[in-house]
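Note sheet for the following structure.
The values are calculated or read from the model by the stated rules, or taken from the named source; none is laboratory data. These numbers were taken from a predicted model, which means no experiment stands behind them. As a convention, Cβ positions derive from the backbone with ideal geometry for all residues, glycine included, and neighbour counts pool all protein chains shown. Calculation scope for accessible area: heavy atoms of the full protein, side chains included, ligands and nucleic acids excluded. Shrake-Rupley method; radii C 1.70, N 1.55, O 1.52, S 1.80 Å.
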Amino acid sequence: MKNYLVLSAALIAVAMPSASQAQDAKAATKPAAAKSGVDTNGDGVVTKPEADAVSAKDFTIFDTNKDGNISKDEFKAFIYKSNAKMLPDDAAKKKAEPMINAQFGMLDTNKDGKIAKSEFMDDSTKRFKALDGNGDGKVSKEEVADVQKKMKAQYEKMKAAAEKKAAEKK
């Protein structure tokens, strides 16, 4: 579950630019959840139908050739484009490739080399459930903050372990 939350954060971060591209000028006055493009009714929480609608839209953005599947090339191209500032050159992309391949592999649950819409939507359901801490069918900003806090702690723990391991090798 801990690894899934870390991966979920990465996938959420990846998905958010595509959702935010669809925002209009009115979004600037909405609450943070509404600004994300996921809280479509602006009530400050994200429901499962709202999350599903955004995930379905995101699937069509990833699936550039419109064949009903996301290939590894389509997946990578989207990640590179939506994270251009963090991945400005080939060296940065090469460094990120293992994480991108891992993300793709987790989404491609039947291991056929492509992500079907059903696989993409199943992952959306898992991410929603992981974020919905109290199980009420809504994700609030507090629940997102709680997951982010846990992920940061997990990241710091992993980073410390990696640093300790690197120091031991010296």
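Summing Lys, Arg as +1 and Asp, Glu as -1, what charge do residues with Cβ under 12 Å from the Cβ of SER55 carry, SER55 excluded? Every neighbour counted, the sum reads -1. Within straight-line reach of LYS165, meaning a Cα separation under 17 Å, sit the following aspartates and glutamates at least 8 residues removed in sequence or on another chain: GLU156.
Radius of gyration (Cα atoms) of the range 51-156, expressed as a multiple of 2.2 N^0.38 Å: 1.18. Sparse packing (at most 12 other Cβ atoms within 10 Å of the Cβ) combined with a DSSP loop state is found for none of the chymotrypsin sites (Phe, Trp or Tyr not before Pro) in the range 92-136. Straight-line cross-link partners of LYS159 among the lysines, defined as a Cα under 23 Å from its Cα and at least 8 positions apart when in the same chain: LYS2, LYS85, LYS93, LYS94, LYS95, LYS149, LYS150, LYS169, LYS170. Exposure check, 1.4 Å probe, all protein chains in place: VAL38 carries approximately 20 Å² of accessible surface.
Just need the relative contact order of the range 71-170 here, percent rounded to a whole number, with Cα pairs under 8 Å and 6+ apart.
The normalised contact order for the range 71-170 reaches 16 percent.
Per atom type, the range 64-162 shows carbon and sulfur on 57% of its accessible surface, probed at 1.4 Å.
With a cap of 11 neighbouring Cβ atoms within 10 Å, and only residues DSSP puts in a loop, list the trypsin sites (Lys or Arg not before Pro) found in the range 58-129.
Here the sparse-neighbourhood loop sites are LYS66, LYS85, LYS111.
Accessible area per residue for the range 31-124 is 53 Å², calculated with a 1.4 Å probe on protein heavy atoms, without ligands, DNA or RNA.
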